[in-house]
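Data block below; observations after.
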Amino acid sequence: MGFFVETLIGGLMAGMLYSLVALGFVLIFKASGVFNFAQGAMVLFAALAMARFAVWIPGWLGIDNALLGNILAFLAAGGLMFAVAWVIERLVLRHLVNQEGATLLMATLGIAYILEGLGTSIFGSDIYKIDIGMPKDPVMILEGTFEGGLLINKEDFVAALIAAVLVGLLTLFFQKTSTGRALRAVADDHQAAQSIGIPLNRIWVIVWCVAGVVALVAGVIWGSKLGVQFSLATVALRALPVVILGGLTSVPGAILGGLIIGVGEKLSEVYLGPHIGGGIEIWFSYQLALVFLLFRPQGLFGEKIIDRV
Amino acid sequence: MKPRKLARAGIFAGAFLASLASASTALAQAKEQFFPVLVYRTGAYAPNGSQWANGYVDYLKLSNAKGGINGVRISFEECETAYATDRGVECYERLKGKNGGATVFQPLSTGVTFALTEKAPVDKIPLITAGYGRSESQNGAVFTWNFPLLGTYWVGADVAIQHIAKKEGGFGKLKGKKIALVYHDSPYGKEPIPVLQELGKTHGFEVQLLPVAHPGVEQKATWLQIRQQKPDYVLLWGWGVMNSTSLREAQSTGYPREKMIGVWWAGAEPDVKDVAEGAKGYSALTLQHGAEPNSKVVKDMLEQVYAKGQGTGPKDEVGQVLYMRGLLSAMLAVEGVRKAQERYGKGKVMSGEQVRWGLENLNLDQKTLDAMGFAGVMRPVQTSCLDHMGSSWVRVHTWNGKKWEFTSDWYQADEKTLRPMVMLASSKYAEEKKLKPRTPEECKK
Amino acid sequence: MSREIGEVILDLKNVSLAFGGVKALTDISFDVREHEIRAIIGPNGAGKSSMLNVINGVYRPQQGEIVLRGRRFARMNPYKAAQAGISRTFQNIALFKGMSVIDNIMTGRNLKIRTNLLLQALWWGPARREELAHRAKVEEVIDFLEIQHIRKTPVGRLPYGLQKRVDLGRALAMEPSILLLDEPMAGMNVEEKQDMCRFILDVNDQFGTTIVLIEHDMGVVMDISDRVVVLDYGKKIGDGDPDAVRSNPEVVSAYLGAGH
Amino acid sequence: MLYRENGQFKTSYADDQQIFPIAQDRWLIIGLLVFAFIGVPLLVDEYLFRAILIPFLILSLAALGVNILVGFCGQITLGAGAFMAVGAYAAYNFHIRVDGMPLLVSFLLGGLTSALVGIFFGIPSLRVRGLYLAVATLAAQFFTDWVFLRVPWFTDNASSGSVSVSNLHILSWEIASPLDKYLFCLALLTVFALAAKNMTRCAVGRQWMAIRDMDVAAEVIGIRPMFAKLSAFAVSSFYVGIAGALWGFIHLASWEPAAFSVDRSFQLLFMVIIGGLGSVMGSFFGAAFIVILPIALNQFLPALGGLFGMTISTAGISHAELIIFGALIIFFLIKEPHGIARLWSTGKEKLRLWPFPH
């Protein structure tokens, strides 16, 4: 029982991070109809920037304080992501308005290549470390309740907390600020939004910026857990079933979907994996999403598609 | 098409043709022994791949600095494979005929090795896979062109079990023990499985298989299973970022690092340096050498190559584990050429076929090695037509939080277990390919 | 008119349709006789298009049934309807934009294709002969609709009026026994409307095709149809020959009086 | 002035329905084929054969398959690599498990197996569409990756999970030299490309395109979406499967599941989108672009650097290659979203009218 709970918690923690990447997908898809395959590359790029700035900036400025260095690096990396968002809108999206979904998807793959190439050539292709002082060693709790106690990973816990805070902030941003409301208007109906004077181009830049920040936070968390390295770009593939499960246009869907996928894949790997050879979690989550799709083609919270003739 | 577009297309096509032409009309330069270098300096495995490549290239430079191979200068060219098989094949095709023909290929990828194993015999170019590749290719009678010098994965698996047995106090103590193999889910990671299973049967321990999907950054479920099953030892058969991830997960699930043993591809600085204290106590096999910053060859390197500003990589990485692996791999290839020259003419450029003879008759005794600056780094290697591995000396080193330290004596693989397996697997291969294994008489030629 | 109005071939009984909570059609019954031209009229949002969609199975009514030549269908689907000889055109032109005029019309012959995929892949014997035979049929349709000059043009590039004609051509290529036309003349100028009227009457006349038609232009409707059904807010408020409908006070107040 | 159709009158529908109704096109293609079969072997060296032409031919075939599904039937797939793997491993098992199985037969059986699997994974297309479907096809990709890694039977219990083939021959023709391999691939590709062209101009092709353009209307005129979609999945997977078998048997000769990873799937989708959706010709353009560009960049950049007296490191080249590749893709998508094939046909149309454009 104790082990089941541990697996469950492990799944939820992993799921929280998937949610974060999925959130990036959903934000961009909602506002611009682009299925952004470059999200993974953005995570990598942001994390690389953060990791390197955390070393470079204190070096340039002669700062000795690790915390200050990290904050500056975070801000600088955030700024860089804003610049990336602006450039993407300027050079790519603006020229691809009203193209088909597949074309846009391919364009984002192109962006992904560029970001990967650029990121590794500017920042190097070694494994870099982001040290934001996350606790690494586990703690045992509830040793009285469960036999052998419950092993909780403090690092995961902190990471999930950060992710939850970010999600909360984003929700506030969308509900309470005028920019957030404009974003939602655009998501609902491009033309209507344009006709009441919301500038689409600016909205796109903003939404890519937000996605960039989400990528940065995801990158910092993953990077501090695993080290910043090229493979971070592959997290995009892990987050795809999440968006499908949750619905491409739904923020709550991305969060809940992330948790479901996280828990589903960990439980399947731990309990089902040993019987059929292991290594099943990646396809299992896709199958989970697929089976789900067969019952609800628009995802958990996606908008229902009605055919009109 | 607009004229401008046409012109643009034309320029592009022209440039492309020109570059192809320069690629295919090889500049046959006399007196240069050409070493193609397949590397991966990008992608998921770049941190490990670059270090190896730096060591490899640096040694070639060092050899030139020392006057080449009996006066024959070495030329080389890198080609990026990104650890992908098809790109590796393209690189092979591109470089095999260049500059008078490739001497030897070392792809540093099990996947590419498998693909090139089919091609090398046709092109008559030997393939050195020091510490990786197909384990059964040790049998030179069947795998005429493959040279898994110094050790194979099967050697690694066998020695790892020997090491565990020694720690436990004898093979008898292995009975009832549980040993988990956390492996990269690819031909590379799967290679040790048959040996472990065989040994498990003999000594009565249980083998638990835990595959990790490429590139290996998602291991939570794996380590949850380890926490549940509580294996007595964990063997780590990873590459690249997978290794450090394993160590981090071990730390966060509280699995003792002292009970973890990595293969020699999971025992270098990039794997542990960012985990630092968290990886303390973790051991890994070595392919003879460990990190050797104090060896003579490294000092030579710093003096004769880096001091002149010709070093390939960062200076502080010279002498690290994977750097040394690359350096050793290059050294073996160079010595193969040198040996070939003994028979086919000193100071001449050797063909692939001649180099193969050299590699097959390699005999580096301790005196020679010491003279070359490998004292304390390597033990003797002697190959033969039937044994393309040459030696199976392995030590274990342990990460103390700051650097690798040797913590065991020398081991040697148990021939009684491995030889029959090698013979069985290689004869199956020969049968599939309808190859006739070489007889000892043919070897003498 | 030379044609003879026959028996009832299509009978709709108590059809009700709702989307979510919104009622599109409420308890509607009417019939269509063989060879006649039957019009459905009504103000915007009256449920006319929904009615056609129910007849050929694009929408599934929650209640009611469709009787086609004596066969009862509680649930129709578009494919079954097509097999039963019902074809239709669309209000917003649902042509296949990526294909040429000829290919669009050729799709109408789809139900009559007999050769299998393998033969088609080889472009061999029966497949080739069949393809050419259908091509000949389609050329007849093209001649009939006088669109020979645009046969190779991708439909996306055609002006609206011609697209409507191609849409009709595709429906005709099916050699339907019942043809459903959803606002065939919407958005056309007078000349185009005249052409279209002529085609509709000719189809009805030459091939004896039964036609169910939705149209806004009252003049046209009253001129060419034999009987008219009037819908308003998803309910039937009138049914009968044009004169009877015209004098029906409910219809007048709901529709004609509203100044359309 | 050469490219004119004046005076070429069609006297029957059969004439009008030829693949290339314009005589010049016909001659051009015949010329190209003759050149490919006879000219190329005389001119080209081994490197071009092995590293460029053979991969190009095989990936063209795969791209053709993907184009049938994505371009003609409108069903986006990111699982093409999976069907290559199924084709390769199925052909492998037929090849080694059945004694004396002729090579071509095991290829065809591999393709058919792939078609069956394709139909199975095509079932979600009946419920979901667009990007949701694209992700659903990734399920096929990851599942087959896993199956071929984990189930030893498929790899003939090879301990490493890597399989290899050799001694390929058709009757007495030994397919060993690069030239043999090239001709073999070329012959297969020619046959299959012709068949694809036939299908796309016949009833089945119209069904696919109808489903792509407007599936509701297609059903109304009597096209069963299920049949159309699943047949597209089947035919597409068949093509892709054969290409997979060729990739394994002919190009690599020894392979592991990683040869057909998700990267391959993306690569194939790139080919059809860059080349031109819904165009048989486009598949070839796309394959050429995607196969040749990285290799060309990889070789061209050092030469370029050399001109300016710079030596670019291997890593630098690879990074630059990624960046340029990505940029060129975006450039193409912006300049011609309908792919190279559209450029080609616009060019042809202009040429037809030239020198009187109005």
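Listed by first and then second residue, the pairs with beta-carbon distance under 7 Å, at least 6 apart or on different chains, first residue in segment D:90-102 and within 14 Å of chain B (Cβ to nearest Cβ), second surrounded by 14 or more Cβ atoms within 10 Å (Cβ to Cβ) and part of a helix (DSSP H, G or I), are D:Y92/D:G248; D:N93/D:F154; D:H95/D:S106. Residue count for segment A:262-298 under the criterion of being touching a residue at least 12 places away in the same chain (Cβ under 8 Å) and in contact with a Lys or Arg (Cβ under 8 Å, 6 or more places away or on another chain): the result is 6. Looking across B:R4, B:R8, B:R94, B:R73, one residue alone is assigned to a helix (DSSP H, G or I), charged (D, E, K, R) and either touching a strand residue (DSSP E or B) at 6+ places or on another chain (Cβ under 6 Å) or at pLDDT 90 or above (or both). It is B:R94.
Considering segment D:130-169, the residues that are among the hydroxyl-bearing types (S, T, Y) and free of Cβ contacts under 8 Å to residues at least 40 places away in the same chain include one that is farthest from A:G273 (Cα to Cα), namely D:Y132. Quick test of your reading of the structure: C:E131 fulfils all but one of (1) surrounded by 22 or more Cβ atoms within 10 Å (Cβ to Cβ); (2) within 9 Å of chain D (Cβ to nearest Cβ); (3) part of a helix (DSSP H, G or I); (4) touching a residue at least 24 places away in the same chain (Cβ under 8 Å). Name the failing condition by number. Looking at each condition in turn, C:E131 falls short on (4).
Of everything listed in (1) under 30 Å from D:A90 (Cα atoms); (2) modelled with pLDDT under 90; (3) facing another protein chain (nearest Cβ under 7 Å), the single unmet condition for D:P257 is (3).
Quick check, is A:G273 touching a strand residue (DSSP E or B) at 6+ places or on another chain (Cβ under 6 Å) and either within 14 Å of chain B (Cβ to nearest Cβ) or at pLDDT 80 or above (or both)?
On the way: touching a strand residue (DSSP E or B) at 6+ places or on another chain (Cβ under 6 Å): no; either within 14 Å of chain B (Cβ to nearest Cβ) or at pLDDT 80 or above (or both): yes.
In short, no.
Counting only helices (runs of 4 or more DSSP H) that sit completely within segment B:181-268, those holding 2 or more residues that are of a type outside the set (S, T, N, Q) and farther than 24 Å from A:D156 by Cβ correspond to B:187-190, B:193-203. The number of residues in segment C:1-41 that are farther than 20 Å from C:D182 by Cβ and not in a strand (DSSP E or B) comes to 11. Of everything in segment B:349-375 that is assigned to a helix (DSSP H, G or I) and among the acidic types (D, E), the residue that is farthest from B:H388 (Cα to Cα) is B:D370. Yes or no: segment B:113-126 includes at least one residue that is on the phi > 0 side of the Ramachandran plot, surrounded by fewer than 24 Cβ atoms within 10 Å (Cβ to Cβ) and more than 8 Å from chain D (Cβ to nearest Cβ). Checking segment B:113-126: at least one residue is on the phi > 0 side of the Ramachandran plot, surrounded by fewer than 24 Cβ atoms within 10 Å (Cβ to Cβ) and more than 8 Å from chain D (Cβ to nearest Cβ).
Would you mind stating whether B:K346 is surrounded by fewer than 18 Cβ atoms within 10 Å (Cβ to Cβ) and in a helix (DSSP H, G or I)? Talk me through it step by step, then tell me what you get.
Working: surrounded by fewer than 18 Cβ atoms within 10 Å (Cβ to Cβ): yes; in a helix (DSSP H, G or I): no.
Against the criterion (surrounded by fewer than 18 Cβ atoms within 10 Å (Cβ to Cβ) and in a helix (DSSP H, G or I)), B:K346 does not qualify.
Applying the condition of being under 21 Å from D:R201 (Cα atoms) and of a type in the set (S, T, N, Q) to segment C:88-106 and asking which residue is nearest to the other protein chains (Cβ to nearest Cβ) yields C:N104.
Hey, does segment C:247-259 have a residue that's within 20 Å of the chain's Cα centre (by Cα), modelled with pLDDT under 85 and on the phi < 0 side of the Ramachandran plot? Before the answer, list the steps.
At the first step, the residues of segment C:247-259 found to be within 20 Å of the chain's Cα centre (by Cα) are none.
No, segment C:247-259 has no match at all.
Exactly one residue among B:L327, B:L285 is in contact with a helix residue (DSSP H, G or I) (Cβ under 6 Å, 6 or more places away or on another chain), part of a helix (DSSP H, G or I) and touching a residue at least 60 places away in the same chain (Cβ under 8 Å), and that residue is B:L327. Among the residues examined, D:L42 qualifies as more than 14 Å from chain B (Cβ to nearest Cβ) and assigned to a helix (DSSP H, G or I). Restricting A:G124, A:G117, A:G79 to those that are free of Cβ contacts under 8 Å to residues at least 40 places away in the same chain and over 19 Å from the mean Cα position of the chain (by Cα) reduces the list to A:G117. For the criterion of being part of a loop (DSSP other than H, G, I, E, B), among the β-branched types (V, I, T) and surrounded by 24 or more Cβ atoms within 10 Å (Cβ to Cβ), D:T137 fails.
Taking segment A:200-309 as the region of interest, the helices (runs of 4 or more DSSP H) fully inside it that hold 3 or more residues being closer than 22 Å to D:G130 by Cα, of a type in the set (G, A, S) and in contact with a Leu (Cβ under 7 Å, 6 or more places away or on another chain) are A:251-267.
Against the condition without any contact (Cβ under 8 Å) to a residue 40 or more places away in the chain and over 30 Å from B:G67 (Cα atoms), how does B:A276 come out, does it pass? So B:A276 fails the test. Of the residues screened, C:L111 is not one that is at pLDDT below 90, within 11 Å of chain D (Cβ to nearest Cβ), in a helix (DSSP H, G or I) and surrounded by 15 or more Cβ atoms within 10 Å (Cβ to Cβ).
The values are calculated or read from the model by the stated rules, or taken from the named source; none is laboratory data. Only a predicted model underlies this, so the values are computations on that prediction, with no experimental measurement involved. Methodologically, a virtual Cβ is constructed for each residue, glycine included, from the backbone with ideal geometry; neighbour enumeration extends over all protein chains shown.
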